[in-house]
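The values are calculated or read from the model by the stated rules, or taken from the named source; none is laboratory data. Because the structure is a prediction, the values reported are computed rather than measured. Here the Cβ is made from the backbone with ideal geometry for all residues, glycine too, and neighbour counts use every protein chain on show. All accessible areas refer to the heavy atoms of the entire protein, side chains included, with ligands and DNA or RNA removed. Shrake-Rupley method; radii C 1.70, N 1.55, O 1.52, S 1.80 Å.
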Amino acid sequence: MKKLFCLGSIALMLVSCGGGGNGELIGVQGRNASYDAPPYGMVLVPKGSYRMGPSDQDVPWSMTSQSKTVSVPAFYMDETEITNNEYRQFVYWVRDSLAYRLLGEQIDAYLISEDQYGEAIDPPFINWDEPIVWDGEEEKTILEDLYYPEHERINRRREFDTRKFVYNYFWVDYKQAAQKFTFENENRRHYNYKTGVYDGEVYNLEGKLVPIKDRSSFIMYDQVHVYPDTLCWVSDFSYSYNEPMANMYFWHPSYDNYPVVGVTWKQATAFCVWRTNLMNNYLIREGGSFVQDFRLPLEGEWEYAARGGNDLAVYPWGGPYTRNDKGCFLANFKPLRGNYIGDGGLYTVAVAIYEPNDFGLYDMSGNVAEWTANAFDESEYSYSHDLSPDYKRNALPDDLPVMKRKVVRGGSWKDIAYYMQNGTRTYEYQDSAKSYIGFRCVRSYMGPDETGATSNVY
């Protein structure tokens, strides 16, 4: 009886101390306050409704869009396209990760293999606070595998073998998770947590609906070669001398502030995942909370941002013309027959040269076209939702080309004015890299949107 009384007293004390609030419902206390501050280089695009679709005649009679009122929540968007120097940070991170891994096998200073309690970390973390000594004798020998072999070197220069710059990452298929079931014949690829390796195609071809057993069914794994296709300048144009852009555009400091090109849709997606992890890992170290993922914009988000609150505007700057009142072109595109320099640029130009739209976004038309997150379907506007419309298809490398089409928006330096219009949509294949396609990131806004709506729809 005495033992029972003691146990009851302990339970009562635990209930009293653990809940707090003298028995009142007060929520979990001691949580850190969170403020979704604007990320560096991004602007807040407020929530709103607008008429998505063509604002002018369908010149090629493509019939791939129709006018439709949609609503989108607030989000942050990069002021400019991702530049060469910003993307280079991603490339260097992947390069240094490979180097740290190689060095860690013999030089423990480059890896953190134990946590604060002395427990082993397997695999170990990279010690980014310890700079790499690229010219040390021991390091030079270990890192030799990162360079081109001697028979591939030019003038005997030791250059990094960019073919080895591969980024491995995970992503979550939320739509599949929400369905609670999956088709066995989808041949999805995912990471096997038991073996620690990539499984490849794991389902049979019977075509049955089977329940999702655990989170591994919709946690997807992918790997991407991150170095841009610098030869796209040559392959995109026959009988045209673009070799100077091919050998200098990405890596030379003169082009640091120019938009990155030669990046596939898959590479742009991998960049967004890396950028998210870069931010969240920093916040963890500082005791903060996670942020929403960086990602490619939905097609509806992109068009809404391009319009800048001017619902029926043909171009991002609000007017129906490509020149201002002084006769100057308002974007970098192909304004006249063969006269590429009529707007001041022959190829791409540095970002933020032309005036921004009313949301503070630069180069939403021209310079380079931009990848969006959505798959391309000519009839998508007919069946997509009017609340944050979203249509995706996770195509595999061996799928038919039509399944790999991704929406491209904004027009580029080599396009005529029609492709710069806010409502014009076209596509490119997810595994193709072009000298006229780049991208910018968005991040969903968390919390109440104090800026209010900017709808012009009545």
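Within the stretch 78-90, is there a residue that is at pLDDT 80 or above, assigned to a strand (DSSP E or B) and closer than 30 Å to Ala270 by Cβ? First the steps, then the outcome.
Narrowing the stretch 78-90 to residues at pLDDT 80 or above: 78-90.
Pick out the ones that are also assigned to a strand (DSSP E or B) and you get 78, 83.
Those left that are additionally closer than 30 Å to Ala270 by Cβ: 78, 83.
Taking every residue of the stretch 78-90 in turn, at least one turns out to be at pLDDT 80 or above, assigned to a strand (DSSP E or B) and closer than 30 Å to Ala270 by Cβ.
Quick one: count up the residues across the stretch 311-337 that are open to solvent by less than 50 Å² (accessible area, probe 1.4 Å) and either of a type in the set (Val, Ile, Thr) or in a loop (DSSP other than H, G, I, E, B) (or both). Give the derivation first.
Taking the stretch 311-337 as the starting set, the residues that turn out to be open to solvent by less than 50 Å² (accessible area, probe 1.4 Å) are 311, 313-316, 318-319, 322, 327, 329-333, 335.
This time we only want the ones that are either of a type in the set (Val, Ile, Thr) or in a loop (DSSP other than H, G, I, E, B) (or both), so: 311, 313-316, 318-319, 322, 327, 330-333, 335.
Qualifying residue count, the stretch 311-337: 14.
For Ser289, state whether it is touching a helix residue (DSSP H, G or I) at 6+ places or on another chain (Cβ under 8 Å), part of a helix (DSSP H, G or I) and surrounded by fewer than 20 Cβ atoms within 10 Å (Cβ to Cβ).
On the way: touching a helix residue (DSSP H, G or I) at 6+ places or on another chain (Cβ under 8 Å): yes; part of a helix (DSSP H, G or I): no; surrounded by fewer than 20 Cβ atoms within 10 Å (Cβ to Cβ): yes.
Judged against the criteria, Ser289 is not a match.
Which residue is most open to solvent (accessible area, probe 1.4 Å), if the candidates are limited to the stretch 82-128 and must be hydrophobic (A, V, I, L, M, F, W, C) and within 30 Å of Asn367 (Cβ to Cβ)?
Step by step, filter the stretch 82-128, then rank; the result is Trp93.
Give the residues of the stretch 150-172 that are of a type in the set (Phe, Trp, Tyr), modelled with pLDDT of 90 or more and open to solvent by 70 Å² or more (accessible area, probe 1.4 Å), sorted by residue number.
none
Give the number of residues within the stretch 433-447 that are open to solvent by less than 20 Å² (accessible area, probe 1.4 Å) and either under 17 Å from Tyr315 (Cα atoms) or of a type in the set (S, T, N, Q) (or both).
Number of matching residues: 1.
What pairs come up if the first residue lies in the stretch 277-306 and is closer than 17 Å to Asp36 by Cα, the second is part of a helix (DSSP H, G or I) and open to solvent by less than 20 Å² (accessible area, probe 1.4 Å), and their beta carbons are under 6 Å apart, counting only those six or more places apart or on different chains?
Sorted first by the residue in the stretch 277-306, then by its partner, the pairs are Phe290/Asn280; Asp293/Thr276; Phe294/Cys272; Phe294/Thr276; Arg295/Cys272.
Only one of (1) under 22 Å from the mean Cα position of the chain (by Cα); (2) modelled with pLDDT of 90 or more is not met by Leu346, so which one is it?
Condition (1) is where Leu346 drops out.
Where residues in the stretch 235-269 are in a helix (DSSP H, G or I) and among the small types (Gly, Ala, Ser), which of them is farthest from Gln89 (Cα to Cα)?
Ser235
Looking only at strands (runs of 3 or more DSSP E) that lie completely in the stretch 344-458, which have at least 1 residues being closer than 20 Å to Phe329 by Cβ and among the aliphatic types (A, V, I, L, M)? Steps first, answer last, please.
Numbers: elements: 369-375, 405-409, 426-429, 442-444.
Fully inside the stretch 344-458 and qualifying: 369-375.
Can you name every residue in the stretch 54-74 that is surrounded by 18 or more Cβ atoms within 10 Å (Cβ to Cβ) and either more than 15 Å from Ser379 (Cα to Cα) or at pLDDT 85 or above (or both)?
To start, the set of residues in the stretch 54-74 that are surrounded by 18 or more Cβ atoms within 10 Å (Cβ to Cβ) comprises 54-55, 64-65, 70-72, 74.
Once the filter is applied, which keeps residues that are surrounded by 18 or more Cβ atoms within 10 Å (Cβ to Cβ) and either more than 15 Å from Ser379 (Cα to Cα) or at pLDDT 85 or above (or both), the stretch 54-74 yields Ser55, Val70, Ser71, Val72, Ala74.
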